[in-house]
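The values are calculated or read from the model by the stated rules, or taken from the named source; none is laboratory data. If you're wondering where the values come from, they're calculated on a predicted model, not measured in any experiment. Don't worry about glycine lacking a Cβ; one is built from the backbone with ideal geometry, like all the others, and counts go over all protein chains shown. The protein model used for the area step is the full one, side chains on, heavy atoms only, and it has no ligands, DNA or RNA in it. Shrake-Rupley method; radii C 1.70, N 1.55, O 1.52, S 1.80 Å.
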Amino acid sequence: MDLGRLACKNCTRLKVKCDKKIPCSRCTRTGHECLPREALNTRRRPLRRQSHTPWVNQDAERTPEDGLPPPVAAVSGQGRQKLPASAWELTQDVTLDQQLVNFHVRHLTWYHNVLHAPTFLEDCEAYWTESYVKQPLWMALYLAILSTSAWTLENSTEYRDSRGIDSAILVGLAEKYYNAMIESLYAADFATNHSIYSIQAVLVSTMVAHCLGRSDQLYTMLSSCTRIAQCLGLHKIAVKEQDSSMDFDQWTSAMDSEVGKRIYWKLVECDYYAIPYTNTYGINLAHITTPMPLNCDDHDLEDRDSTVVTVSTYTNVMIKMSLLMPILLDSLQSTAQESISDQYEHVVEIDKRLRQFVSTIPPILLQGPRYTIGTTWLGTARRTLALAAADKIIMIHRSFLLRSFGSPLLLFTRNTCVSAAITILRELELIEEEGCLPIWTHAAYCINAAIILCLHIQHSSPSDEKCIRYREMVLTAQARLQRMKSDDMSLRGLNIIESLLTHEQSSRNTRGINNQHDSPWSAGRASRSYGNTSSEASHLLGGFLNLENTLSASTRTMAGQNDVQLGSFEDWFAHAFGVTSSV
């Protein structure tokens, strides 16, 4: 492929890959006239950008440091809008940019699936060869892609070395890209100039924002993007039947519609998975008429059977799983004035429904070979899905989790969450053994699991031999988190885990027989026992755990029946994901 040429007009309208021959292979095959697209500037960009770029203010004063003018993008109907200098300065190394973009498209798009990859690559090529940006907010998306790739490669020696990327280059680079993305959004006034690029940028950045300690900022941006998406009508996309004989305009319309569906339902997923931490949600399903994304790949947008893995398969499963979260919240809110036992029944019911849902997931995402043709990411996706299922079980029980360590009547929740935590840590070991790519959620799941085992150890008998193995698993988890780079979330998790382990060790000899005097209905011992942890760890732990009101005696009847109704977590997980239980 000649990088000095542009795709032909037909391939550009179709937004598919063009081999840039005249005539190109696609036009020859389809019998269409192949017309070259005129380039605004066909000079390939050198390692350092020069002022020939069409969106640079030629009259601006050059900076003494590098001779580059402040970048300015021209947008039709909006006048000339500045791009931040950071966006300009961070995208000078064409070779590195290409490596990061191609890595993302090949290995990471399955996780968010908010792009049409061929279109994005075409836009990237125009930027690399012509220094052309058609819309300032596209730069935010571009930087978000670079940021997530940089963070992932910084934490993956195997993938980084196979591409010959110096690890020193990547140190702190993900945060620089992220900061430039935020600056680009505000420089282009994204809240006024609505564009799907800004939404895509924020959704892609979910893969790195938490690790950089920007969770609060991210949730604020996601709320803004939800409103922008609604202003753009992404929640009201009409259902259209696709025809294999679509012309170029019909294809473009179908592609835009599919990307819109992917974007809005990804916003739904992000909103609903935050429910256990926020106890609220912003998107009402009753107000959405946009259908779920197709199970399709980008090159043909052809809806495939659920047994076929496409770039949309993983995200569609995660979206459907997320729909259980508002049901749980609404049921708990509706029974807030009723007995705790009534609320607990809703928790058990959602647990049951999640297990039933997992049984409907395409088997290829649960068990089977790590790779299929064209899906180098399948092994990572399968392990990530297994972790997500175990973690969502914990999140369902979260409102009763801490209390379960002080009440024998909630033994089902305690056993389920401890088993899920052990399963998560075991799966993380397999991820390392198999050389899967690190995804930000892996560290989050690791932290949750380690905290639960720490709580279980603290509220177990000193003579319990299993606790020795659990402590070893926690220490292994600590070592895993310590190896993470550019990850503020892991550092905060380590603070909590270290505080819990230290407190458990110091209090082990003082608990003794006093534990026997606590009421079986009381969580007082559980909630009181963390008063000596560090202030930051106590605050973070309080955000993880959700205390409820005092249990009522009516729980006694149903608490002992749940293990019989649902069976053990480890047996269910082993059957669903084809693994051998080691709990």
Q. Over the Cα atoms of region 319-471, how large are the radius of gyration and the largest Cα-Cα distance (Dmax), in Å?
A. 17.0, 54
**Q.** Highest average packing first - 177-185, 324-332, 422-430, Cβ atoms within 10 Å
**A.** 177-185, 422-430, 324-332
**Q.** Relative contact order (%) - criterion: Cα under 8 Å, at least six apart; region: region 88-155
**A.** 46
(Q) Over 32 Å between Cα atoms: which of Lys134/Lys261; Lys21/Lys485; Lys352/Lys485 fall into that group? (A) Lys21/Lys485; Lys352/Lys485
Q) By how many nm would the segment from Glu434 to Asn102 grow when fully extended, if each residue of separation counts as 0.36 nm and the alpha-carbon distance is taken off? A) 117.3 nm
**Q.** Peptides ranked, highest mean first, by Cβ atoms within 10 Å: ranges 131-140, 221-230, 271-280, 199-208
**A.** 199-208, 131-140, 221-230, 271-280
Q) Hey, what's region 274-341 come to in accessible area per residue, 1.4 Å probe, Å²? A) 43
Q: Could you please state how large a percent of the accessible area of region 103-262 is carbon and sulfur, counting protein chains only and using a 1.4 Å probe?
A: 49
**Q.** Shape parameters for region 107-192, alpha-carbon atoms, Rg then Dmax in Å
**A.** 13.9, 43
Q: Express the relative contact order of region 312-447 as a whole percentage, based on alpha carbon pairs under 8 Å and six or more residues apart in sequence.
A: 21
**Q.** Amide H contacts under 5 Å for Glu302, placed H, 5+ residues apart
**A.** Asp297
Q: Could you run the Karplus curve 6.51 cos²θ - 1.76 cosθ + 1.60 with θ = phi - 60° over region 464-477 and give me ³J(HN,Hα) per residue in whole Hz, x for Gly and Pro?
A: 6, 5, 4, 5, 5, 5, 5, 5, 4, 5, 5, 5, 5, 5
Q: Grab the Cα-Cα distance for Thr335 and Asn495, subtract it from 0.36 nm times how many residues apart they are, and report the gain in nm with one decimal.
A: 54.0 nm
